[in-house]
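For reference, the structure is listed below as structure tokens.
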Amino acid sequence: MEDDATQLVIQLEGNVGLGEVHNGIPLIGVLMADKLPNQGATKEILRKSWEQLGEAKILVVKDNLLAITVESEEMARRIIEGGPWAVMGYALSIHHC
């Protein structure tokens, strides 16, 4: 399973330009929904949820795939361990890239 996730990250970096997002600690978020709810609202909900941890940059890569960049490894750890997260009733799975 971990090999599959690693391969997915490699493919995403090559296919959608995620390599350009890496000014910090890169994470990948998968929203368990057929389509992403309102993009602006999704980003705002996550930023507000994590603002006490630090700054997060969120880029919608595809309908349910988010590239998330955080400022520190500690922030990344706290986000990953603080889950599961939910956005407008949908589960959000977050992992290291």
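Bear in mind these aren't lab numbers, they're just calculated from the coordinates by the rules spelled out. Source: prediction; values computed, not measured. Glycine also receives a Cβ, built like all others from the backbone with ideal geometry; neighbour counts cover every protein chain displayed.
Here is how the numbers come out for the structure above:
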| item | result |
| --- | --- |
| Selection count where residues are closer than 19 Å to Gly24 by Cα, in contact with a Pro (Cβ under 8 Å, 6 or more places away or on another chain) and polar (S, T, N, Q), scope the range 47-93 | 1 |
| Residue that is nearest to Asn23 (Cα to Cα) [pool: residues in the range 40-97 that are in contact (Cβ under 8 Å) with a residue 12 or more places away in the chain and of a type in the set (S, T, N, Q)] | Thr69 |
| Leading residue by the ranking (surrounded by the fewest Cβ atoms within 10 Å (Cβ to Cβ)) among those in the range 50-76 that are under 14 Å from Ala33 (Cα atoms) and touching a Lys or Arg at 6+ places or on another chain (Cβ under 8 Å) | Asp63 |
| Filter result (under 15 Å from Lys43 (Cα atoms) and surrounded by fewer than 18 Cβ atoms within 10 Å (Cβ to Cβ)) within the range 77-97 | Ala86, Met88, Gly89, Tyr90, Ala91, Ser93 |
